[in-house]
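Read-outs: derived from the displayed coordinates by stated rules, not from any lab. Not measured: the values here are computed from a predicted model. We place every Cβ from the backbone using ideal geometry, glycine too, and count neighbours over all the protein chains shown.
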Ligand SMILES: NC(=O)c1ccc[n+]([C@@H]2O[C@H](COP(=O)([O-])OP(=O)(O)OC[C@H]3O[C@@H](n4cnc5c(N)ncnc54)[C@H](O)[C@@H]3O)[C@@H](O)[C@H]2O)c1
């Protein structure tokens with residue numbers, strides 16, 4: 001891989017033939033994950049509120065790709081998507097990716113904004129794990145990947161609601177991993193740093209402009225959705241067979257510390 005973040009499409013043989021659910025799969029990291037799981041041979045049922053984009057992706061991928069409108073904060077929508085998945089075969093993979101960003105200070109964040117963030121980012125992940133576990137247990141095991149954020153390990157100004165939910169995902173991941181391990185289900189959290197998607201204002205900024213926010217990181221650029229999708233697929237696959245309840249950071253080193261420009265460097 002070069003400095004640009006363009007990654008070779010990876011495939012994971014153990015995902016060939018498995019049934020997977022991905023939330024928020026119509027665009028961004030979710031769409032990259034749908035593509036990556038599909039490329040590895042999985043049948044992918046993915047949900048989103050964005051019906052047009054979701055249908056277009058399913059149509060483009062063709063066989064083994066199924067879109068369904070889903071609001072992750074609505075329990076009934078979970079029942080529908082799980083039903084569609086188990087009709088295809090044993091459910092082995094769940095990627096809880098859907099999320100929203102509320103950017104407002106502590107005093108400017110309304111109760112409604114805070115609670116919507118909790119409903120989508122936090123309740124959505126809980127409902128996903130609760131809805132999918134029985135089928136995964138029946139299938140003899142599986143892997144749940146919960147997409148948190150680097151803001152689930154640290155935080156930033158104007159991220160009080162978002163950060164609260166992303167820290168919650170990290171905690172729920174560990175609780176679920178401890179309960180589900182005995183049934184062969186692994187649960188891990190992924191913590192992306194700045195990734196070039198709509199959430200990261202990719203419609204307003206070029207890759208170079210977005211990268212300028214990270215100029216003092218070890219890898220001074222914005223990340224690409226495919227780089228997170230590869231990590232998600234690794235965790236979903238049997239290649240990650242001994243990892244559960246763990247945090248996987250993909251942030252170009254931004255949380256490791258900052259480059260000091262006036263100190264000697266290599
Ligand atoms: N882009 C980043 O810099 C970044 C960094 C850290 C973590 N993340 C996390 O990665 C995940 C994906 O984000 P992204 O950058 O691809 O953003 P995005 O906005 O491009 O994609 C998020 C998707 O989730 C969908 N969604 C929103 N609410 C939903 C709901 N209630 N039910 C179902 N789907 C819903 C959206 O329609 C959208 O398609 C999110 O959980 C986000 O918090 C992103």
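Per-structure values
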read-out: Linear extension gain, residue 103 paired with residue 79, 0.36 nm per residue minus alpha-carbon span; value: 5.5 nm
read-out: Ranking of 219, 57, 127 by count of other Cβ atoms within 10 Å, fewest first; value: 219, 127, 57
read-out: Whole-Å distance, taken between Cα centres, linking the stretch 9-63 and the stretch 158-188; value: 22
read-out: Computed helical MRE - 222 nm, the chain, DSSP H runs ≥ 4 contributing -39500 (n - 2.57), nearest 500; value: -11500 deg cm²/dmol
read-out: Residue with peak Gaussian network fluctuation, the chain [Cα springs, cutoff 10 Å], from 197, 11, 105; value: 105
read-out: Relative pair counts by distance (%), Cα atoms of the stretch 80-205, 10 Å bins; value: 13, 39, 30, 15, 3
read-out: Alpha carbon convex hull of the stretch 14-249, projected area averaged over orientations, nm²; value: 12.3
read-out: Per principal axis, descending, Cα span of the stretch 1-92 in whole Å; value: 44, 26, 22
read-out: Full-stretch length increase - residue 56, residue 246 - with 0.36 nm per residue and alpha-carbon distance subtracted; value: 65.0 nm
read-out: Sequence-separation-based contact order of the chain, relative, with Cα cut under 8 Å and 6+ spacing, percent; value: 19
read-out: In nm, spacing of pseudo-spin labels at residue 203 and residue 111 (7 Å Cα→C-beta vector); value: 3.1
read-out: Radius, Kirkwood style, for the stretch 151-266 when every pair of distinct Cα atoms is counted (Å); value: 15.8
read-out: Hypothetical label at residue 69: residues of the stretch 26-55 whose amide nitrogen lies under 14 Å (7 Å Cα-Cβ projection); value: 47-55
read-out: Extension gain from residue 174 to residue 10, taking 0.36 nm per residue of separation minus the Cα-Cα distance; value: 56.3 nm
read-out: Protection proxy ranking of 253-263, 202-212, 58-68, 36-46 - average other beta-carbon atoms within 10 Å, highest first; value: 36-46, 58-68, 202-212, 253-263
